[in-house]
1. Could you run through the stretch 102-115 and say how many residues are within 17 Å of S36 (Cβ to Cβ) and not in a strand (DSSP E or B)?
2. Collect the residues in the stretch 83-96 that are hydrophobic (A, V, I, L, M, F, W, C) and surrounded by 15 or more Cβ atoms within 10 Å (Cβ to Cβ), keeping them in residue-number order.
3. So which residues in the stretch 45-61 are in contact (Cβ under 8 Å) with a residue 60 or more places away in the chain and either part of a loop (DSSP other than H, G, I, E, B) or over 15 Å from the mean Cα position of the chain (by Cα) (or both), if there are any at all?
4. Output the residues belonging to the stretch 79-94 that are outside any strand (DSSP E or B) and within 16 Å of R114 (Cβ to Cβ).
5. Would you confirm, using the coordinates I've provided, whether W74 is of a type outside the set (S, T, Y), modelled with pLDDT of 95 or more and within 20 Å of F151 (Cβ to Cβ)?
6. For the stretch 70-107, how many residues meet the condition of being within 16 Å of the chain's Cα centre (by Cα) and of a type in the set (D, E)?
7. Quick one: which of A99, A71 is in contact (Cβ under 8 Å) with a residue 12 or more places away in the chain, among the aliphatic types (A, V, I, L, M), surrounded by 15 or more Cβ atoms within 10 Å (Cβ to Cβ) and outside any strand (DSSP E or B)?
8. If you scan the stretch 4-44, which residues turn out to be among the small types (G, A, S), out of contact with any Phe, Trp or Tyr (no Cβ under 9 Å at 6 or more places or on another chain) and part of a loop (DSSP other than H, G, I, E, B)?
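The values are calculated or read from the model by the stated rules, or taken from the named source; none is laboratory data. Nothing here was measured: the structure is a model prediction, and the numbers come from that model. Cβ coordinates were reconstructed from backbone atoms using ideal geometry, including for glycine residues, and neighbour counts include every protein chain displayed.
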Amino acid sequence: MSATPPVHPPVAVESLPAESGTGYPEPFRSRMGGASWRSLGDPFGLTQFGVSHDTLQPGASSSVRHWHTLADEWLYVLEGELVLRTDDGETLMRPGMCAGFKAGERNGHQLLNRSAAEAKFIVVGSRVPGDLPMYPDDDLAVFVTEAGRSFVHKDGTRY
């Protein structure tokens, strides 16, 4: 008896389309530098967690330093060197190292590529309805309406 094939066959990561850019408004957008990512879960129809393969060019940042109200986040370094910046300081991360961030813990995190070579990592995050990112270092917040999410100043005014 033969095995039933998977609904979605395996794919090579490099065959998936790479996305770049950021949804952040200025002045945050220009601080991010060169970054791209490939969604690894969406091609398989995954809805309970997101998975991406991210690449940061030299001088790039993964995001504005943030934490999540309801979603867990985890990352694993594949290539290169990254600096993990949290309330606890900075930690150099190399291939084979991982870090996790529990939902609701108010310790913002961010990855920085301060090296001369690109760095690659995997990010996994739970997709929890109502989750919001919080930005402890910047005048940035997310405002949610029936029309969707938008970035605002912490006093509620739009960028």
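1. Qualifying residue count for the region: 2.
2. Of the stretch 83-96, the ones hydrophobic (A, V, I, L, M, F, W, C) are 83-84, 92-93.
The answer is V83, L84, M93.
3. T47, Q48, Q57, P58
4. Taking the stretch 79-94 and keeping what is outside any strand (DSSP E or B), we get 80-81, 87-88, 94.
Those that are outside any strand (DSSP E or B) and within 16 Å of R114 (Cβ to Cβ): G80, E81, R94.
5. no
6. Qualifying residue count, the stretch 70-107: 2.
7. Only one candidate passes the filter, namely A71.
8. Result: A12, G21, G33, G34.
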